[in-house]
There are 2 protein chains.
Amino acid sequence: MSKDTRLARVAHVLVHMSFNEGTATSETIAAMLDTNPVVVRRIMGALREGGYVSSERGPNGGWRLERPLREITFLNIYRAFDPGSPFTIATSDDHPKCVVERAANRALSLALSEAAARFEQSLSKITLDQLLPRKT
Amino acid sequence: MSKDTRLARVAHVLVHMSFNEGTATSETIAAMLDTNPVVVRRIMGALREGGYVSSERGPNGGWRLERPLREITFLNIYRAFDPGSPFTIATSDDHPKCVVERAANRALSLALSEAAARFEQSLSKITLDQLLPRKT
DNA sequence: CAATATCGTACTAGTAATAGTTACGATTAG
DNA sequence: CTAATCGTAACTATTACTAGTACGATATTG
């Protein structure tokens, strides 16, 4: 599978958007990310549902940042994408009735959920304003 | 990407192998996992390098468990597979010179490595003998 | 109302990892 | 020598993504 880079990319974009009041079009943002406007619409669309950005159609439309950077965390963004498991590792399903397989799956699931909880905890501490360049 | 189920599957197999002294052929193990002997050889081959199992060729050959279950942890198995990142999430690489992107990548990398450390810590506490059915 | 800018979205293509399969060679017991 | 078994290369299938194409919907402007 190719990796999911949406979180890092959109964090990057939102910080740049905060530099310019007004709206940025999908095309402009796509140029920033070396990609296609459709990719941008998909990513930004997910954030819109959480109220972090808004969009307007038609001429002079585009995307607008709706919250200050310090009020948006990596966890907010991560959850906006409605992600499945962030792991490439999963339990097995060969013999669902085998008590040994079930015990192995239970142990692995616990380790995965502990790691996922730690990941979300770390994400919750990162706000977008922390990404601003220091003004020495 | 399809998910990596090797850890759960091989843990299951090793526990069953402990029930029978002697060797188990790749074919026998493959039947247990509903798969093909070649898949088994690939998975078991990785464990052989860590000394957890050994293999013998020729008639009456097969795979033998070389360590007691309580001395094999999920972390031992996980590392035997020489895994890359266990995450589906990665940093972005669109504008490596942009200070904002770099800051976003740094923050995300830290969260990922904290979660990975937690995962390995959890795996290190699971020994295979914990998967044995309780004899009430 | 016409023209154009812009988002919305369904559909297809590309990608990267494990899983599965086939084929065949190497080794060893008897 | 024969048969059982592992070793491994090469190829295909599956899965779950991201990336890209095409076209429709909507809103502004004159």
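Miscellaneous remarks
- Taking region A:85-118 as the range and being among the small types (G, A, S) and within 24 Å of B:D82 (Cβ to Cβ) as the test, the residues that pass are A:S85, A:A90, A:S92, A:A104, A:A107, A:S109, A:A111, A:A115, A:A116.
- Number of positions in region B:59-113 that are touching a Pro at 6+ places or on another chain (Cβ under 8 Å) and open to solvent by 60 Å² or more (accessible area, probe 1.4 Å): 2
- In summary, A:L132 fulfils each of the numbered conditions (1) surrounded by 21 or more Cβ atoms within 10 Å (Cβ to Cβ); (2) under 24 Å from A:M17 (Cβ atoms) with the single exception of condition (1).
- Selection of helices (runs of 4 or more DSSP H) fully inside region B:32-136 by the criterion of at least 2 residues being away from every other protein chain (no Cβ under 13 Å) returns B:37-49, B:74-80.
- Meets criteria (within 15 Å of the chain's Cα centre (by Cα) and either closer than 16 Å to A:D4 by Cβ or charged (D, E, K, R) (or both)) for B:R79: yes
- Matching residues in region B:1-18 - criterion: being within 7 Å of another protein chain (Cβ to nearest Cβ) and open to solvent by 20 Å² or more (accessible area, probe 1.4 Å): B:M1, B:K3, B:D4, B:T5, B:R9, B:H16
- Residues within region A:37-49 that are more than 9 Å from DNA strand C (Cβ to nearest atom) and exposed (fewer than 15 other Cβ atoms within 10 Å of the Cβ), tallied: 1
The values are calculated or read from the model by the stated rules, or taken from the named source; none is laboratory data. Given the structure is predicted, the values throughout are model-derived calculations rather than measurements. Neighbour counts are summed over all protein chains in view; Cβ atoms, including those assigned to glycine, are modelled from backbone coordinates with ideal geometry. Each accessible area value is taken on the protein alone, full model and side chains, heavy atoms only, with ligands, DNA and RNA left out. Shrake-Rupley method; radii C 1.70, N 1.55, O 1.52, S 1.80 Å.
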